[in-house]
Amino acid sequence: MSGIASGSDIISYVALGDSFTEGLEDPHPDTEGTGQVRYRGWADRLAEHLAATRGEVRYANLAVRGKLIRQIAEHQVPRAVELRPDLLTLCAGGNDIIRPGADPDVTARIFEAAVRRLAATGARIVVFTGMDTGFQPVMRHLRGKIATYNMHVRAIADDYGCDVVDLWGMRVLQDHRAWSGDRLHLSAEGHRRIALRVCEILDACPPADWREPWPAERPRPWRAAR
């Protein structure tokens, strides 16, 4: 949707998904230490950048932590269709894939139905592949399922003309500093780099390069690293 890149005065943007899009573990600076933390995340950061460079942004983040893809399709997608935004981002299925016995083919069918409904609005749609978990010992066994799901996501994106954020190929996220202490959610810096990547895909003049190497680290003692 060309309006994102061409300088429209008003852009409407709706984000759908789970904790990844809600922005968990990226507390907004204005709420830190207040006891009422509000999360920022890559979607908020993207909306802020679009507002600074493209004009007014009407933004709604419908993402809720822990949601499975069927819940996102049943509750968030209809609301997004009602809002009829210019831009939609959808990252869903991750919570399904990590569950024991998960079937990426079934998850992909639900994902496709959601994309079909969203595409009918005429919005520009950005979808996300899953991340490569090969560098995470606890999650490494899920790599094959994630790769299978990613192939479905890419095929669906081709069918419906969606942009794809290839999280699998973002090797910069394989640094421990991209992750929060729970090793499951991104850190503030991880969210910042995702936002930059989406800006790049939207041709929205990212203010920095998401590929920028991490600063050199002093070696940590083995016990601290563990």
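The values are calculated or read from the model by the stated rules, or taken from the named source; none is laboratory data. Quantities reported herein were computed from a predicted structural model and do not represent experimental measurements. Please note: Cβ atoms are built from the backbone with ideal geometry, for glycine as well, and neighbour counts cover all protein chains shown. For the accessible areas, the whole protein counts, side chains as well, though only heavy atoms, and no ligand, DNA or RNA atoms are used. Shrake-Rupley method; radii C 1.70, N 1.55, O 1.52, S 1.80 Å.
If you go through the stretch 51-71 and keep only what is under 16 Å from the mean Cα position of the chain (by Cα) and surrounded by fewer than 23 Cβ atoms within 10 Å (Cβ to Cβ), you end up with Y59, A60, N61, L62, V64, R65, G66, L68. In the stretch 154-176, the count of residues that are at pLDDT 90 or above and on the phi > 0 side of the Ramachandran plot is one or more. Of the helices (runs of 4 or more DSSP H) lying entirely inside the stretch 1-120, those containing at least 1 residues that are in contact (Cβ under 8 Å) with a residue 24 or more places away in the chain and of a type in the set (F, W, Y) are 19-22, 41-54, 104-119. Pull up the stretch 100-142, narrow it to residues that are modelled with pLDDT under 95 and among the charged types (D, E, K, R), then point me to the one that is surrounded by the most Cβ atoms within 10 Å (Cβ to Cβ). Here the residue is D132.
In the stretch 171-181, the qualifying residues are those that are farther than 16 Å from R140 by Cα and either of a type in the set (D, E) or touching a Lys or Arg at 6+ places or on another chain (Cβ under 8 Å) (or both), and the one that is least open to solvent (accessible area, probe 1.4 Å) is A178. Out of the residues in the stretch 192-217 meeting the condition of being part of a helix (DSSP H, G or I) and either at pLDDT below 95 or basic (K, R) (or both), tell me which one is most open to solvent (accessible area, probe 1.4 Å). The extreme case among them is R192.
State which residue is most open to solvent (accessible area, probe 1.4 Å) when the search covers only the stretch 72-90 and only residues that are under 17 Å from the mean Cα position of the chain (by Cα) and within 17 Å of R109 (Cβ to Cβ). Please lay out each step first, then the result.
Here is the first cut: in the stretch 72-90, the ones under 17 Å from the mean Cα position of the chain (by Cα) are 72-73, 76-77, 80, 87-90.
Applying the additional criterion that residues be within 17 Å of R109 (Cβ to Cβ) yields 72-73, 77, 90.
Working: I72: 3, A73: 21, V77: 1, L90: 3 Å².
Only one residue fits best here, namely A73.
Here W168 fulfils each of the conditions (1) in contact with a Ser or Thr (Cβ under 8 Å, 6 or more places away or on another chain); (2) free of Cβ contacts under 8 Å to residues at least 40 places away in the same chain; (3) open to solvent by less than 30 Å² (accessible area, probe 1.4 Å) apart from (3). When each of D96, D163 is tested for being open to solvent by 10 Å² or more (accessible area, probe 1.4 Å) and in contact with a strand residue (DSSP E or B) (Cβ under 9 Å, 6 or more places away or on another chain), the lone residue that passes is D163.
In the stretch 121-143, the qualifying residues are those that are outside any loop (DSSP other than H, G, I, E, B) and touching a helix residue (DSSP H, G or I) at 6+ places or on another chain (Cβ under 9 Å), and the one that is nearest to R99 (Cα to Cα) is L142.
Test V153 against the stated conditions and say whether it is open to solvent by 20 Å² or more (accessible area, probe 1.4 Å), under 20 Å from T21 (Cα atoms) and β-branched (V, I, T).
no
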